[in-house]
1. Between Tyr113 and Leu11, what length in nm is gained on full extension when 0.36 nm per residue of separation is reduced by their alpha carbon distance?
2. Counting only residues 5 or more places away or on other chains, whose amide H sits under 5 Å from the amide H of Trp84 once H atoms are built in the peptide plane?
3. Determine the sum of side-chain charges near Glu90: Lys and Arg each +1, Asp and Glu each -1, restricted to other residues whose C-beta is under 11 angstrom from that of Glu90.
4. Where the Cα atoms of the stretch 46-140 are projected onto their three principal axes, how long is each span, largest first, in whole Å?
5. Pull up the cross-link candidates among the lysines for Lys87, meaning alpha carbon to alpha carbon under 27 Å and not fewer than 8 places away within one chain.
6. What share of the DSSP beta bridges in the chain is antiparallel, in percent to the nearest 5?
7. Using 0.36 nm times the number of residues separating Val19 and Thr2, minus their current alpha carbon distance, what extension gain do you get?
8. Take the residue pairs Lys23/Lys149; Lys32/Lys82; Lys88/Lys143 and return only those whose Cα atoms are more than 29 Å apart.
Amino acid sequence: MTPLLNATNSLKNVEAKVVVYDKKIKFLDQLKITHNSDIFIGMHGAGLTHLLFLPDWAAVFELYNCDDVHCYYDLSRLRGVKYWTWKKEELVIPEKEGIHPTLGTPHKKFTNYSFDVTEFIRIVKQMIEYVRRHPQFVEEQRKLRRQIKAEL
């Protein structure tokens, strides 16, 4: 994850961080973190359900949908946030074939992957552009600037 995180943080006016939603973070704090995220990136899995708590202008990037194409696309659509997923499968590199814990057979959802950094950043830049042009984001930025001026 470090190469992707470093590449993202090298973009102008972008702050990216890795958050592990587990029992160490209170659920209310998880919701606050999510609600204050403009772009939400994650692997296919239950953690992506946090997209329900994103702001209206947010964008979701399901890094790899593991051939379950509609799951988080549909949830994003129902929530009203923009969805992206990895399209160029040849740029997704499985590290080792994952084995389903119950079935004992190979399964994409239990495999670790590496991703092409250039392609990742290309997609993230599209998402940044989408968020920055979203009318609700623009309005919230105006409100924030007015609030900051009023406090000075």
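1. On the way: separation 102, 0.36 × 102 = 36.72 nm, distance 2.31 nm.
This chain segment gains 34.4 nm when fully extended.
2. Excluding prolines and chain starts, which carry no amide H, the hits are Val60, Phe61, Glu62.
3. On the way: positive: Lys87, Lys88; negative: Glu89, Asp116, Glu119.
My count for the surroundings of Glu90 gives -1.
4. Ordered largest first, the stretch 46-140 gives principal extents of 51, 28, 16 Å.
5. Qualifying lysines at Cα under 27 Å: Lys12, Lys17, Lys96, Lys108, Lys109, Lys125.
6. Numbers: 5 of 13 bridges.
The antiparallel proportion sits near 40 percent.
7. Numbers: separation 17, 0.36 × 17 = 6.12 nm, distance 1.28 nm.
Answer, rounded to one decimal: 4.8 nm.
8. On the way: Lys23/Lys149 39 Å; Lys32/Lys82 20 Å; Lys88/Lys143 39 Å.
Where the Cα-Cα span goes over 29 Å, the pairs concerned are Lys23/Lys149; Lys88/Lys143.
Any read-out appearing in this document is the output of simple, stated calculations on the displayed coordinates, not a laboratory observation. These numbers come from a predicted model, not from an experiment. Because the Cβ atoms are built from the backbone with ideal geometry, glycine has one as well, and the counts that use them run over all protein chains shown.
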